[in-house]
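Participant: Structure in structure tokens, see below.
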Amino acid sequence: MTLESAIGLSRSHSVSETPPTPPPVPESAVTNMRTDKVIVDFSVVEEEWSKRVWPVSWSENNILLFGRGARVHYKNLSANEAIGQLCKFREDQGNLRLIECAGKDYPNLVAVSSSNGHIQLWDLAAKKMVSKWSTKSTAAIQWNGPILTVGGERGSIRQFDTRVPDTTKMKEQAKKTMRHQSKISSLAWNIDGKFLASGDESGQVHIWDPRLQNAPLEVGEMIQRRKKIQHVGVIT
């Protein structure tokens with residue numbers, strides 16, 4: 001047998017032993033993002049970029065919401081529909097700052113807030129505002145079932161129960177916690193909605209159990225006689 005024949009047999013043997021690549025599972029990104037692509041292009045005047053933020057959120061019903069200036073637009077990605085405008089903040093209400101869709105229990109509910117602390121709740125199916133109120137500031141928002149958690153510019157965290165129809169009573173009953181010394185930059189509830197993580201611009205992270213106490217849990221490293229999670233830079 002020549003050297004070339006031996007190499008050829010070795011190659012064919014190695015190829016025959018290589019198992020075939022299995023097809024991607026139906027839930028994989030390869031399957032769902034292989035060919036279809038939607039591009040939403042909303043050009044913005046260049047000088048506006050330094051003045052505003054451009055929030056985006058995605059509902060449980062596959063509706064993409066995004067901001068442009070003081071307006072909130074939506075695009076139903078499950079239907080062949082044009083982009084629509086959901087709402088617009090008045091000039092005295094400030095710039096659009098945050099958009100946050102509620103979870104699977106409230107798939108048509110979305111919260112939007114402005115830089116001046118105005119919060120509105122909208123029904124995506126009816127394209128109708130269902131509630132509105134104002135607070136001192138809104139730096140971060142996050143849903144936990146019907147509860148809207150709002151983080152403030154000065155480190156406050158408030159829990160608004162949106163099931164209360166009277167917004168005045170809702171604001172009076174809202175639970176408030178104060179431990180952060182900097183602007184709240186991030187909020188996240190765990191999967192079963194029992195623990196809240198909050199981060200601020202100074203790099204500090206607190207873990208809360210609202211059922212037990214009005215103070216964060218002592219987790220992390222011992223810093224100034226108290227356990228904390230402390231990072232360098234803004235928590236996002």
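Participant: Within the range 48-134, how many Lys pairs sit with Cα atoms under 14 Å apart, leaving out pairs fewer than 8 places apart on the same chain? All intermediate terms of the calculation are to be shown ahead of the outcome.
Facilitator: Details: 75/127; 88/127; 88/128; 88/132.
Lysine pairs meeting the criterion: 4.
Participant: Counting only residues 5 or more places away or on other chains, whose amide H sits under 5 Å from the amide H of residue 144 once H atoms are built in the peptide plane?
Facilitator: 149
Participant: Stretched out fully, how many nm does the piece from residue 132 to residue 167 gain, at 0.36 nm a residue minus the Cα gap?
Facilitator: Values: separation 35, 0.36 × 35 = 12.60 nm, distance 0.74 nm.
Gain on stretching residue 132 to residue 167: 11.9 nm.
Participant: Using a Förster radius of 45 Å, what is the FRET efficiency between residue 191 and residue 82 based on their Cβ-Cβ separation? Nearest 0.05, please. Write out the running numbers ahead of the final one.
Facilitator: Values: r = 35 Å, r/R0 = 0.79.
Calculated transfer efficiency: 0.80.
Here, each number is a calculation from the coordinates, and none is a lab measurement. Everything numeric in this text was worked out from a predicted model, so none of it was measured. Methodologically, a virtual Cβ is constructed for each residue, glycine included, from the backbone with ideal geometry; neighbour enumeration extends over all protein chains shown.
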